[in-house]
Amino acid sequence: MAQKNNAIIDIQDIKAVLRIFSKNWYILVCLVAAAFVISQVYLYKIPDVYSAETEILLKNDNFDSKNLISSEGAGGYYGSGQTYVDNTNELRVLQSYDLIQKAVDRMNLGISYFIVGRFASREMYDGSPFKIQVGNINSGLYENMMHFKILNVHQYQITYTEGDQEQKFVGTFDEFSVNSDMKLLVTKSPQVNRNTIRSLENSDYTIKIHNPKNLVYRYRGALSVAIIDYTNILQVSLRDNVPERAIAFLDTLAEVYMENSLKSKIKINANTLFYIDKQMAEVSTILDSVQNDLQHYKENKNILDLGKEEDDYFTKLSDFDKTKSMLQMQIGALDALEKYIIENKDPEFLPPAVYIVSNDAFLKKSVDELYSMQISINSTLTDATEKNQNIRNANEKIKLLKNNLLIYIGNSRVALNSQIKDVNGQVDAYVSSIKTIPAKQRGLVDIERNMQVNENMYEFLLQKRANTTIAQATIIPETEVIETARSMGVVAPQKSKISYMFMGVGAIISLIIIFIRTVFFEKIESIEELKEKTDLPILGEILFDQSVKDILVTVENNPKSPIIESFRTIRTNLQYMDTEGGSKVILITSNVPGEGKTFCSVNLATILAKSERKVLLLELDLHKPRVHKALNMSSEIGISTIIIGKNTIQECILKSSIDNLDVLLSGPLPPNASELILSKRMNEIFEYGKAHYDYIIIDTPPVGLISDALALMKYANVNLYVINTKSAYKESIANAHEIVTNNKINNLGIVLNGVKRKKSKYYYNRYAYGYGYGYGYGGNYGYGDKK
């Protein structure tokens, strides 16, 4: 092979790249152009994707229920100051499955409607002339396209595929229609009437019934929620093929989200009212019983009035009893709270009694904090499990807070019992001082004191109920839509990017094809390329000539053709292949048929004969001889008849129409051609030729298919290996190297046939004035050809 210098990139590398490009540029251009056309068809077929956006403000404090209700009222649950909002949790809540499912169900998005156009279908949202309500459906029909046809004002037809069979379903508008696969109610819009029915009958529609679960996941995947930096504002966006539907969905989702944020507050308010009503009913029953007892007591004891002294004692004892009752109620509330904390049966229910009877600020604050932490965990559990680290940390905080509360409750209970003990002591002191009062007067005091205590309790509960009812009216969402949903236009597909991507893929495929062609199918088209592939001697090139249609004696018929210069160059170079004197034997072969070896044999013999040398042309391709056709000669006798002893050499040698050129044709085609080549009489033919001729030219079969040429190479001084540019692959060169290596042949040279004008520098420069260029003549050559 030709030697290369050590430079990273030299001029030969650049030439090689340019050569590869010049051979294959059309592949790159065609594939890139085809990819561009395919991209435009693809972009036309796929629907545009639109984006819609809305913004939601979290923890809106524009209205504070604390302004309407005192902090002691039920409104203190959710109106007594700002509570921290975990925006990350709210983000997860907004994207939760249940919330999106509510929005999807509210909008009735379970069915998509399409109108079929000439080239593509367009999805409709509000403009469909009919609406479908699904009662029941075979789950196998989910996500399948069904054709909908309006037959007339009253009837429609649905065509769908079940398995491999097409099914047709005819139904009546505004009535439930049932078959084995579905139950549907199709309602028509007012636009379906006798005036429009003709155009609607000619319109084609398709529908797609969605799997409810998949539909929720689809919108969940298309939904994007982000927190605007340094704000409590959520930016919510949705991608959809229909911009109006995207806007409507975001508005509906924001509405569902705000309703969901009120649910816990409304539940707390309802539980508080329920507890107050229950307590009021119990106190009312007690009051009725005490009033009856007082009435019976007065009737039995004939009591009408008490003295001023008795009034003084009664007032004091009543105050002490009231204090004692309040303390006992507080102990009862603490017991209930302690039981609630220990049993932990209902994390969402907080006994209102602790708010009703206790004025302990620390206790209220701790219980509020416990309630807030429980509600936060319940909200988080909708999107996470109890194994979540945040939930574990919150549970640990709750556990610590509960322990602190239990300790505080125990201490408070001891303090309250001590107060009760003091009150009992004071009551006993007053009782001792009024022992002189008649028993009937003492019984009356007890009854009236009990009645007053319960009346005060009833008034207290009634006030709290009014406050809780007012608080219910002040429950408003802590979130607010500050920017209604609006369309942001088309966001996908990115048409230019897709076009470039298709073109890039086309370019990559073309480069792969070019690479494969270059590595495995590259043809050698010039002497320069041939020199890069082999170190074997190159005797010359024969140019392509379109005017030469078959094997002809070109140098004789076209003496001014550049081809004659090609053979003159080969004739000159042959002198350097064999410098010994005497007769020279030149064997001409090729790798495969159609390379032009017979053409080269005839014309080389002719050019040698024209140089006043005696030349003998041997037609030793006994499988499919063609020399006789090129020279318009008969082959009734020849080499085959010599070998079998039927004729002598002298009898078979024929004079051609060219001076100094004799021909020994193949003769009749033998059935055992390869065996005849090995005959001893072949030596006689060559000995005779060497004795009487200056040059012996041997035309042989292709060495790549038949081994005859290898057997004859022992007679040759020079072996010419003809390669045609139309089939000059790497295998041809490799075969030549293998012949040289395996058979230890040192006198094999290569002739490149069929070189095009632009590939030959020499002839391009010298004969650019209008001559045609040579070719591998013998293109019709092939074994088994009977021509």
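Tabulated values for the structure
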read-out	value
Greater than 22 Å apart at Cα, pairs in Lys45/Lys495; Lys45/Lys183; Lys531/Lys624; Lys690/Lys714; Lys614/Lys680; Lys533/Lys744	Lys45/Lys183; Lys531/Lys624; Lys614/Lys680
Solvent-accessible area, 1.4 Å probe, carbon plus sulfur percent, for the stretch 163-213	41 percent
Extension gain from Trp25 to Tyr371, taking 0.36 nm per residue of separation minus the Cα-Cα distance	117.0 nm
Long-range tail of P(r) for the stretch 614-695 (Cα pairs > 23 Å, %)	13 percent
Probe 1.4 Å - accessible area at Val29, Å² to nearest ten	80 Å²
Nearest-10 value in Å² for the accessible area of Phe274, using the 1.4 Å probe	140 Å²
Cross-link table Lys102/Lys464; Lys324/Lys364; Lys278/Lys387; Lys267/Lys324, entries beyond 27 Å C-alpha to C-alpha	Lys102/Lys464; Lys278/Lys387; Lys267/Lys324
Computed E for Asn404/Asp105 - FRET, C-beta separation, R0 56 angstrom, nearest 0.05	0.80
Approximate shape of the stretch 248-294 as ellipsoid semi-axes (Cα gyration tensor, √5λ), whole Å, largest first	45, 7, 4
Protein accessible area in the stretch 593-742, 1.4 Å probe - carbon and sulfur %	48 percent
Mean separation of Cα contacts under 8 Å, 6 or more apart, over the residue count of the stretch 603-659: relative contact order %	30 percent
Added length on full extension, which subtracts the Cα-Cα distance from 0.36 nm per residue, Gln419 to Lys714	92.7 nm
Computed E for Leu185/Gln40 - FRET, C-beta separation, R0 41 angstrom, nearest 0.05	0.45
Lys497 paired with Lys59, simple spin-label distance in nm, labels 7 Å along Cα-to-beta-carbon	3.6 nm
Ratio Rg/Rh, restricted to the stretch 184-298 and using Cα atoms, in which Rh is the Kirkwood radius	1.37
Surface accessible to a 1.4 Å probe, Tyr142 within the full protein complex, Å²	60 Å²
FRET efficiency for Lys316 and Thr484, using Cβ-Cβ distance with R0 set to 51 Å, rounded to 0.05	0.15
Karplus (6.51, -1.76, 1.60) ³J(HN,Hα), θ = phi - 60°, over the stretch 166-173, in Hz, Gly and Pro reported as x	8, 10, 10, 10, 9, x, 10, 4
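The values are calculated or read from the model by the stated rules, or taken from the named source; none is laboratory data. The structure displayed is predicted, hence computed values, not measured ones. We place every Cβ from the backbone using ideal geometry, glycine too, and count neighbours over all the protein chains shown. Side chains included, ligands, DNA and RNA excluded: accessible areas come from the protein's heavy atoms. Shrake-Rupley method; radii C 1.70, N 1.55, O 1.52, S 1.80 Å.
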